Amino acid sequence: MPAFPKAAHDAVRDTTLRGNLRHATHTIRAKRAHAVAEVSDWAELREAGKRIKDHTLRHLDRYLVQVEEAVTAAGGVVHWAADADEANRIVAELVRATGESEVVKVKSMATQEIGLNEALEAEGIHAYETDLAELIVQLGRDRPSHILVPAIHRNRGEIRDIFAREMGEWGRPAPEGLTDSPAELAEAARLHLREKFLRAKVGISGANFVVAETGTLVVVESEGNGRMCLTLPETLISVVGIEKIVPTWQDLEVFLQTLPRSSTAERMNPYTSMWTGTTNSDSDSDSADGPKNFHLVLLDNGRTDTLADEVGRQALRCIRCSACLNVCPVYERAGGHAYGSVYPGPIGAILSPQLRGTESEIDASLPYASSLCGACYEVCPVAIDIPEVLVHLRERVAQGGTVTREGAKVVLKPAKGHAAERAAMRAARWAFSRPGVLRAGQRLASRTRRLHPRTLPGPGRAWSGSRDLPPVPAEPFRDWWQRTNGGKTDGGKGGAE
């Protein structure tokens, strides 16, 4: 993938893409606002979610051990994966041990993050996505562009064409004469997936939450495909990021109120599936509900390195609701593919560079994929201050510095292409640390205000081409304050206006 500016430059010229994104994000945004407005204590729930997540992250070592003990006691097996390669190897070995060559999957950001489908394909194992949007992406040989709605960049006509063209190669073909009616498209997907549900012996999932006190995993969804994947296969393998833990069932209650309203604008998810360990061996195996074999793969893949960053660690609070994407003016125009990551939008702009590092061109560009308008922070149900982390990461890209990589402290060199930015920041620091110089500069700027250009020269022309430069006041604030005795004379009016 190219850096974000290049990818976004190409994406904004796709009028169909922009139309699809505008319609979808505005619709979801309006519905979410209505659903949140119904809750009188939304601010309190938001603060509670933030505190629960922060507490868990501070004591993650203890809660991870508690999860392992609880899952093991319930009949499950816990595996630890330091990175994507280790996680993929563990999952592939577990599938091969069953003798199967097919798996059905619940929608999972963690498995997308590690490239599990491609890793399984290399081992001769076919992974079938069962979420409708993920199915569209897989059949179209495409990439997800949204956390909640991976096929948000597709319209109904495009989906119909994909189903008619591709379904036959993956299983049951689409019905003859398929139209772009949502009901017909959903029925075609249902018929296509039903045979895979009934045949599959292995299911793969992620989890929205893991309750530490009982080792219970939770998946929330709207279609029911997850319920089929979690209950029908004999073996279930769940790949879960270590930040998904909540300490108690009481803590879970908070997120089961905030997640559905922030993501699908629903009061509660139509399907909330919870499972603890394996099917009881004393029960009738023919009628027992749930897997006989359960494996939990706890995934790090850069999360403990992110946890070491006092500012950036708040990104690990994320509950993957996607509310920040739906209000972001940059995402709405550029789309998710421009971010070069399975985590697009504002949360992806701070999460991906921390999980993967900022050494690559694409990851170094992501902290700049924002206008810093703050809308993402306002809608986040766990109060992640995304603008704060973006500025923090921009400093890391431009200045370099000490970061944690694979548990060790390393010193990053400044990224290429930021020399002018570094020079400007150093000049500003020098001026702001010298009151006399700052005062003289302000007076000079005020007295020459009529000579200032209306647009910036050189590379700055791209910025001022769509923005008005702020006018310089006729008088610096400090001078106005001294001249008017803090606004007590001159009627509180001075040249600073």
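The values are calculated or read from the model by the stated rules, or taken from the named source; none is laboratory data. Keep in mind the model is a prediction, meaning the values are calculated, not measured. Backbone-built Cβ (ideal geometry, glycine too); neighbour counts: all protein chains shown. Calculation scope for accessible area: heavy atoms of the full protein, side chains included, ligands and nucleic acids excluded. Shrake-Rupley method; radii C 1.70, N 1.55, O 1.52, S 1.80 Å.
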Index of the failed condition, Ile204 passing every other in (1) aliphatic (A, V, I, L, M); (2) under 17 Å from Ile319 (Cβ atoms); (3) touching a residue at least 60 places away in the same chain (Cβ under 8 Å): (2)
Leading residue by the ranking (nearest to Ser371 (Cα to Cα)) among those in the stretch 455-484 that are surrounded by 13 or more Cβ atoms within 10 Å (Cβ to Cβ) and acidic (Asp, Glu): Glu475
The lone exception for Arg143 - which of (1) open to solvent by 40 Å² or more (accessible area, probe 1.4 Å); (2) in a loop (DSSP other than H, G, I, E, B); (3) closer than 20 Å to Phe209 by Cβ it fails: (3)
The stretch 406-416: number of residues that are open to solvent by 30 Å² or more (accessible area, probe 1.4 Å), modelled with pLDDT of 90 or more and in contact with a Ser or Thr (Cβ under 8 Å, 6 or more places away or on another chain): 3
All positions within the stretch 1-35 that are closer than 20 Å to Ile159 by Cβ and touching a helix residue (DSSP H, G or I) at 6+ places or on another chain (Cβ under 7 Å): Ala11, Leu17, Arg18, Leu21, Arg22, Thr25, Ile28
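Yes/no per residue for (1) of a type in the set (A, V, I, L, M, F, W, C); (2) open to solvent by less than 70 Å² (accessible area, probe 1.4 Å); (3) over 20 Å from the mean Cα position of the chain (by Cα):
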position: Pro2; (1), (2), (3): no, yes, no
position: Pro5; (1), (2), (3): no, no, no
position: Asp10; (1), (2), (3): no, no, yes
position: Thr16; (1), (2), (3): no, yes, yes
position: Thr25; (1), (2), (3): no, yes, no
position: Arg32; (1), (2), (3): no, yes, no
position: Ala37; (1), (2), (3): yes, no, yes
position: Ser40; (1), (2), (3): no, no, yes
Considering residues of the stretch 417-454 that are open to solvent by 70 Å² or more (accessible area, probe 1.4 Å), modelled with pLDDT of 90 or more and outside any helix (DSSP H, G or I) only, the residue farthest from His392 (Cα to Cα): Arg434
Matching helices (runs of 4 or more DSSP H) fully within the stretch 1-67 where at least 2 residues are under 22 Å from Gly345 (Cα atoms) and modelled with pLDDT under 95: 4-11, 15-37
Given (1) open to solvent by 60 Å² or more (accessible area, probe 1.4 Å); (2) more than 15 Å from Ile242 (Cα to Cα); (3) of a type in the set (Asp, Glu), index of the condition Asp61 fails: (2)
Of all residues making up the stretch 374-405, the number that are in contact with a Ser or Thr (Cβ under 9 Å, 6 or more places away or on another chain) and of a type outside the set (Ser, Thr, Tyr): 12
Residue match in the stretch 230-243 (condition: at pLDDT below 95, polar (S, T, N, Q) and within 26 Å of Tyr128 (Cβ to Cβ)): yes
Subset of the stretch 72-90 (residues that are more than 23 Å from the chain's Cα centre (by Cα) and crowded, with 17+ Cβ neighbours inside 10 Å): Gly75, Gly76, Val78, His79, Ile90
Search result, residues across the stretch 91-114 that are without any contact (Cβ under 8 Å) to a residue 40 or more places away in the chain and open to solvent by less than 20 Å² (accessible area, probe 1.4 Å): Ala92
Extreme residue, most open to solvent (accessible area, probe 1.4 Å), among residues of the stretch 128-140 that are assigned to a loop (DSSP other than H, G, I, E, B) and under 17 Å from Glu169 (Cα atoms): Gly140
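Just wondering, is there one or more residues in the stretch 438-449 that are touching a Ser or Thr at 6+ places or on another chain (Cβ under 9 Å) and not polar (S, T, N, Q)?
Quick first cut of the stretch 438-449, residues touching a Ser or Thr at 6+ places or on another chain (Cβ under 9 Å) only: none.
No, there is no match, as no residue in the stretch 438-449 is touching a Ser or Thr at 6+ places or on another chain (Cβ under 9 Å) and not polar (S, T, N, Q).
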Condition met for Asp41 (more than 27 Å from Gln314 (Cβ to Cβ) and acidic (Asp, Glu)): no
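Residue-wise test of (1) open to solvent by less than 10 Å² (accessible area, probe 1.4 Å); (2) in contact with an Asp or Glu (Cβ under 6 Å, 6 or more places away or on another chain); (3) without any contact (Cβ under 8 Å) to a residue 60 or more places away in the chain.
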residue	(1), (2), (3)
Thr216	yes, no, no
Glu221	no, no, no
Met228	no, no, no
Val239	yes, no, no
Gln250	no, no, yes
Pair list, Cβ < 9 Å and 6+ apart or interchain, from the stretch 1-21 residues that are touching a residue at least 40 places away in the same chain (Cβ under 8 Å) to residues that are open to solvent by 70 Å² or more (accessible area, probe 1.4 Å) and of a type in the set (A, V, I, L, M): Ala7/Met1
Scope the stretch 116-127; condition open to solvent by 30 Å² or more (accessible area, probe 1.4 Å) and not in a helix (DSSP H, G or I); matching residues: Glu123, Gly124, His126
